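Remarks on the structure that follows.
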Amino acid sequence: MLEQKTYQFGYLEGTVDDLTPEQRADYGAAMAGRNQAYAPYSHYHVGAFLRMNDGTTAHGWNAETIAYDGVHAEESARARITKMARESGLKRAVIVGASEGDSEDCNTTAPCGGCRQKLLEYTKVGDNPEVIMASVSGKVKIAGLRDMLSFAFFPDSISPVTEKGKVAK
Ligand SMILES: [Zn+2]
């Protein structure tokens with residue numbers, strides 16, 4: 001007999017004014033990243049800002065091509081995180097998006113499924129980095145990255161492989 005289970009998680013909702021000074025600064029940095037977006041086809045400009053546990057930070061923005069591919073803001077920020085910072089683990093990701101030039105948009109922007117997996121790749125075992133999903137008008141939702149990707153395939157889901165190629169117990 002299958003047993004009914006429930007998966008649920010909480011999140012915070014408010015405005016930029018409710019954030020800590022560091023969170024607010026990171027929101028500002030994500031907004032600045034958005035100004036660099038190259039989105040002549042979707043016209044949807046996204047900025048991302050990552051803060052690692054060692055204090056390292058990185059901006060990102062989406063960049064499209066005429067062939068309708070490109071990179072998402074979170075991916076471009078992730079590519080700027082260097083080895084030492086990566087090893088310290090992700091502390092926070094801020095994502096803010098809106099259609100080109102729309103400063104009134106109140107919709108918060110969530111990372112896509114692929115970007116959630118990519119950010120999780122830089123998450124330390126046991127950590128649940130905060131994801132600030134923001135609007136250009138200053139609304140925010142804050143949730144834990146692991147909560148946002150339920151039943152995910154985590155980097156810590158597989159047993160580490162030793163130098164000799166055997167699975168460590
Ligand atoms: Zn994405």
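The values are calculated or read from the model by the stated rules, or taken from the named source; none is laboratory data. Owing to the predicted nature of the structure, the values given are computational and were not obtained by experimental measurement. No Cβ is skipped: glycine too gets one built from the backbone with ideal geometry, and neighbour counts run over all protein chains shown.
Computed quantities for the displayed model
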item	result
Within the range 91-131, tally of residues that are within 10 Å of the chain's Cα centre (by Cα) and assigned to a loop (DSSP other than H, G, I, E, B)	4
Residue satisfying all of: in the range 132-144; within 19 Å of Pro21 (Cβ to Cβ) and within 16 Å of the ligand (Cβ to nearest atom); farthest from the chain's Cα centre (by Cα) among these	Ala134
Residue count for the range 11-53, restricted to those that are without any contact (Cβ under 8 Å) to a residue 40 or more places away in the chain and either part of a loop (DSSP other than H, G, I, E, B) or surrounded by 12 or more Cβ atoms within 10 Å (Cβ to Cβ) (or both)	12
Whichever residue in the range 61-90 is among the small types (Gly, Ala, Ser) and assigned to a helix (DSSP H, G or I) and, among such residues, is nearest to Asn35 (Cα to Cα)	Ala73
Cβ-Cβ under 6 Å pairs, at least 6 apart or on other chains, the range 99-122 side in contact (Cβ under 8 Å) with a residue 40 or more places away in the chain, far side within 14 Å of the ligand (Cβ to nearest atom) and aromatic (Phe, Trp, Tyr)	Ser99/Tyr44
Glu3 of a type in the set (D, E, K, R) and surrounded by fewer than 19 Cβ atoms within 10 Å (Cβ to Cβ)	yes
The range 94-125 - residue that is closer than 15 Å to Val71 by Cα and among the small types (Gly, Ala, Ser) and, of those, farthest from the ligand (Cβ to nearest atom)	Gly97
Set Arg80, Arg92: member being among the charged types (D, E, K, R), within 17 Å of Gly28 (Cα to Cα), surrounded by fewer than 21 Cβ atoms within 10 Å (Cβ to Cβ) and modelled with pLDDT of 95 or more	Arg92
Matching residues, the range 46-92, being within 16 Å of the ligand (Cβ to nearest atom) and of a type in the set (Ser, Thr, Tyr)	Thr65, Tyr68, Ser76
